Each structure stands twice: as structure tokens, then as C-alpha cells.
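Novice: Just passing along the structure, written as C-alpha cells.
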Amino acid sequence: MPERLAQRLAAPLVDRLAIVGIGLIGSSIARAVRQRGLARHIAIADHDPAAADTARRLGLGDAVGTDAAAAARAADVVILCVPVGACGAVAAAIASALKPGAIVSDVGSVKASVVTQVAPHLPLGVHFVPAHPVAGTENSGPEAGFAGLFLNRWCILTPPEGANPEAVAALRALWEGMGANVEVMTAEHHDLVLAITSHLPHLIAYNIVGTAADLETVTRSEVIKFSAGGFRDFTRIAASDPTMWRDVFLHNKDAVLEMIGRFNEDLAALARAIRWSDGDALFELFTRTRAIRRGIIDLGQETAEPDFGRRHAEAEPE
Ligand SMILES: NC(=O)c1ccc[n+]([C@@H]2O[C@H](COP(=O)([O-])OP(=O)(O)OC[C@H]3O[C@@H](n4cnc5c(N)ncnc54)[C@H](O)[C@@H]3O)[C@@H](O)[C@H]2O)c1
Ligand SMILES: O=C(O)C(=O)C[C@]1(C(=O)O)C=C[C@@H](O)C=C1
């Protein structure tokens, strides 16, 4: 192999990467990038001094602090890994530090709102490529991350119209480098799809665990005592970070409200089937949903066993 080509193949994809927000997702990116040699230098900033201290102790970056602009200065790629509602403020804070040609991205679970918040702050010549890795857990903070989080998971890019193709390709390469499968769509489409596949399930989990907790005063501790399988799975989801999920619902209002409407209609139909002993309707729905679950397993995106916790424990060693 010619020497120059060999050097290029061995070189990291990104020279200087900056990560703002070193929680579950930010620290997983730092670990994956480190493990796979995807960046030469990683600068980390988190406004919480305790999170920054933990990141430093864990050796997640080459430079760790609390100043987002300092981390973003001279960076080739800056990834905002903060709650959706904080993206605008962080973009404003780093804007003047960004170098021409830098790529700014994020990992927010909602996309249209992030575009509206971030884009107005970015100077001309800086490329904005929003992203959402569809992978996570109910845990948060720098210690919760792990390098294998994105392995064989989707990462959705939502570049605005007219986005620089080279910047989009560079971000795609970075996510593929971390083991993710990349898909591109509009921010609006993303928000509609995720409202049903991720946001509504979380809302249902928060609601059912809240209802059960309220009932606990009636049934004493029986709700917790006898909670097995189904309910226990809901409690995992309902343990997810309150700040993150408050922001998701407030920033994807329209799509979530649309899905709640659809959900309520279908729930009313189920209640009717139960009231009128319409066993066929129940059986038909449960047969359809079982096929959907089996289809997901066949696609290799899930195991047949309940896998909570194990999936994380089995992640690549660091
Ligand atoms: N948790 C998941 O499963 C998951 C999955 C995919 C995407 N996301 C998205 O990733 C983002 C981060 O989520 P997470 O789970 O890593 O949260 P997290 O709570 O683990 O970490 C967020 C970090 O951001 C820091 N932060 C908050 N505001 C800041 C600011 N203004 N400046 C600097 N740092 C700030 C916090 O101190 C914290 O350390 C969110 O936008 C979320 O929607 C989360
Ligand atoms: O596995 C979990 O704990 C998750 O909730 C991860 C999950 C999801 O809903 O799939 C949560 C929010 C993110 O934006 C992406 C992934």
C-alpha cells in the first residue's frame, strides 16, 4: 500500500473533537471515539463542575472543564450532548469561539426544535448537522456511559436543506466509526416517528408508574411487592432522567399530542372490546402485536429474552 494512503487510513477521522455535556451520551461518545481512535484530541465541557471532575477522573478527554466556548475553540467537530432545552444557550455560548469550517452537531431526542434554537447563533461558514443516536438507557451522568452503546443502533441525521454534503459525510463517518447505522431524514419526519416509537412509550411508562404509586396508598405496598415482569419493565423506563424527558415533551409538543390522541382512541376501542366481551377484537390485536415483536427480533434489533441491564453489561470492554 502506498505510504500516504496507509497514513490516511490510519489517521483519526477528526483532529479535534469537542463534547459539550458529558452525561450518558456525551461520555459514551468520548469512550467510543477513544476506543476506536476516531479523534486525535477530545475536549470536554460540562457546566456541572462535579460532572467535569468525574470526566477528568475517568480520563474521558484530553482537556476537561466547565467552559463550553473554551472546549469548542479550535474544534473541528463540536457535539452538543445537553438536554434539548439547553441547546440554544450552549450554541449562543460557543458561537464566537467556533472556527470557520467547523461542524456543529447534537444528539437531542427532538430535532426541529434544536434546529430552531441552534441555527440562528452559528456564524456563516460553520456547518450544522443535527443528529440523534437512537440508543440509550435510563441512566445518566458521565459514569453511565459505555463505548458499545451505539453498536448496531441507528443514528438519524437531519441536515437542513442546503447543508454542506462534506460535513454530512464527515458526521456520518464519525457515527459509523462508533458502530452506528446512519439514516438521513428531515427533522419534522424524525420528530413524528420518534413521537410514537420513543416519546409516547416513555410518557406511558411515567403515567402507569405514577398511577400505580398513587394506588399504593390504597393497596399499601402490594403494587411494589407483586410487581413482576410487565410493571417492572415500565419502572425501568420511568426511571429515565426527568430534565431530559421534560424537555423532550415540551419541545415535541405537536407530534406527541397527535400520538396521545391516536393512543387514546385505540385505548377506548380496547376498553369497549373488554366491556362487550369482544374476544375476537382482543385476540386479533394481540396476534398482530406479537408478530411485530417477533419481526423486531428477526431484524436482530432485540433479543427474545428481557435484556434490561444485560445489554449494557455485555457492551464492549473499554
Ligand atoms: N438518555 C438517552 O437514552 C438518550 C438517548 C439518545 C439521545 N439523548 C439525548 O442526549 C442528550 C443528553 O442526554 P443524556 O442522557 O446524556 O443526559 P445526562 O443527564 O446524562 O447528561 C447531560 C449533561 O449535560 C450537562 N449540561 C446540561 N446543561 C448544560 C449546559 N447548558 N452547558 C453544559 N453542560 C450542560 C449536564 O450537567 C449533564 O452532565 C439529550 O438531548 C437527550 O435528549 C438521550
Ligand atoms: O433504552 C432506553 O432506555 C431508551 O429509552 C432509549 C431511547 C428510546 O426511546 O429508544 C430513549 C431516548 C432516546 O432519544 C433514544 C433512545
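The values are calculated or read from the model by the stated rules, or taken from the named source; none is laboratory data. What you see is a predicted model; the values in this text were computed from it and never measured. Cβ coordinates were reconstructed from backbone atoms using ideal geometry, including for glycine residues, and neighbour counts include every protein chain displayed. To get the accessible areas, we keep the full protein, side chains included, count just its heavy atoms, and leave off ligands, DNA and RNA. Shrake-Rupley method; radii C 1.70, N 1.55, O 1.52, S 1.80 Å.
Each row is one residue, and each column tells you yes or no for (1) buried (at least 16 other Cβ atoms within 10 Å of the Cβ); (2) touching a helix residue (DSSP H, G or I) at 6+ places or on another chain (Cβ under 6 Å); (3) in the same structural domain as V107 (by TED's automatic domain parsing); (4) not in a loop (DSSP other than H, G, I, E, B).
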position: I196; (1), (2), (3), (4): no, yes, no, yes
position: H199; (1), (2), (3), (4): yes, yes, no, yes
position: Y206; (1), (2), (3), (4): yes, yes, no, yes
position: V223; (1), (2), (3), (4): yes, yes, no, yes
position: S227; (1), (2), (3), (4): no, no, no, no
position: R232; (1), (2), (3), (4): no, no, no, yes
position: T235; (1), (2), (3), (4): yes, yes, no, yes
position: S240; (1), (2), (3), (4): yes, no, no, no
position: T243; (1), (2), (3), (4): no, no, no, yes
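Novice: Tell me which residues, restricted to the range 48-60, are out of contact with any Ser or Thr (no Cβ under 6 Å at 6 or more places or on another chain), of a type outside the set (D, E, K, R) and open to solvent by 20 Å² or more (accessible area, probe 1.4 Å).
Specialist: A50, T54, L58, G59
Novice: Continuing with the same structure: Would you say V90 is away from ligand 2 (no atom under 16 Å from the Cβ), more than 26 Å from I196 (Cβ to Cβ), in a strand (DSSP E or B) and modelled with pLDDT of 95 or more?
Specialist: Working: away from ligand 2 (no atom under 16 Å from the Cβ): yes; more than 26 Å from I196 (Cβ to Cβ): yes; in a strand (DSSP E or B): no; modelled with pLDDT of 95 or more: yes.
No.
Novice: I need the full set of residues from the range 19-69 which are farther than 18 Å from A135 by Cβ and among the β-branched types (V, I, T), in order please.
Specialist: V20, I42, I44, T54, V64, T66 - these are the residues of the range 19-69 that are farther than 18 Å from A135 by Cβ and among the β-branched types (V, I, T).
Novice: In addition: Among the residues of the range 226-253 satisfying the criterion of being without any contact (Cβ under 8 Å) to a residue 12 or more places away in the chain and under 30 Å from G26 (Cβ atoms), which is nearest to ligand 1 (Cβ to nearest atom)?
Specialist: P242
Novice: Among the residues of the range 281-294, are any in contact (Cβ under 8 Å) with a residue 12 or more places away in the chain, among the acidic types (D, E) and either in a helix (DSSP H, G or I) or open to solvent by 50 Å² or more (accessible area, probe 1.4 Å) (or both)? Working first, answer last.
Specialist: The first filter runs over the range 281-294 and keeps only residues in contact (Cβ under 8 Å) with a residue 12 or more places away in the chain, leaving 281-282, 285.
Retained after the next criterion (residues that are among the acidic types (D, E)): none.
No, the range 281-294 contains no residue that is in contact (Cβ under 8 Å) with a residue 12 or more places away in the chain, among the acidic types (D, E) and either in a helix (DSSP H, G or I) or open to solvent by 50 Å² or more (accessible area, probe 1.4 Å) (or both).
Novice: With respect to G88, determine if the residue is open to solvent by 20 Å² or more (accessible area, probe 1.4 Å), more than 7 Å from ligand 1 (Cβ to nearest atom) and not aromatic (F, W, Y). Steps first, answer last, please.
Specialist: Values: open to solvent by 20 Å² or more (accessible area, probe 1.4 Å): no; more than 7 Å from ligand 1 (Cβ to nearest atom): yes; not aromatic (F, W, Y): yes.
It is false that G88 is open to solvent by 20 Å² or more (accessible area, probe 1.4 Å), more than 7 Å from ligand 1 (Cβ to nearest atom) and not aromatic (F, W, Y).
Yes or no, residue by residue, for (1) of a type outside the set (F, W, Y); (2) under 23 Å from R246 (Cα atoms); (3) assigned to a helix (DSSP H, G or I):
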{"residue": "V115", "(1), (2), (3)": "yes, yes, yes"}
{"residue": "P120", "(1), (2), (3)": "yes, no, yes"}
{"residue": "L124", "(1), (2), (3)": "yes, no, no"}
{"residue": "A169", "(1), (2), (3)": "yes, no, yes"}
{"residue": "L174", "(1), (2), (3)": "yes, no, yes"}
{"residue": "G179", "(1), (2), (3)": "yes, no, no"}
{"residue": "V182", "(1), (2), (3)": "yes, no, no"}
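Novice: Name the residue that is farthest from ligand 1 (Cβ to nearest atom), counting only residues in the range 121-137 that are among the small types (G, A, S) and open to solvent by less than 20 Å² (accessible area, probe 1.4 Å). Reasoning before the result, please.
Specialist: Filtering the range 121-137 for residues among the small types (G, A, S) gives 125, 131, 135-136.
Now drop any that are not open to solvent by less than 20 Å² (accessible area, probe 1.4 Å), which leaves 131, 135.
Numbers: A131: 9, A135: 6 Å.
Across the range 121-137, the extreme among qualifying residues is A131.
Novice: Across the range 160-184, what is the number of residues that are under 26 Å from D254 (Cα atoms), of a type in the set (A, V, I, L, M, F, W, C) and more than 16 Å from the chain's Cα centre (by Cα)?
Specialist: Total meeting the criteria: 1.
Novice: Still on this structure, I have one more. Determine which single condition A169 fails, assuming it passes every other condition in (1) touching a residue at least 12 places away in the same chain (Cβ under 8 Å); (2) out of contact with any strand residue (DSSP E or B) (no Cβ under 8 Å at 6 or more places or on another chain).
Specialist: Of (1) touching a residue at least 12 places away in the same chain (Cβ under 8 Å); (2) out of contact with any strand residue (DSSP E or B) (no Cβ under 8 Å at 6 or more places or on another chain), only one is false for A169: (1).
Novice: Let me ask you something else. P159 passes all but one of (1) part of a helix (DSSP H, G or I); (2) free of Cβ contacts under 8 Å to residues at least 60 places away in the same chain; which number fails?
Specialist: (1)
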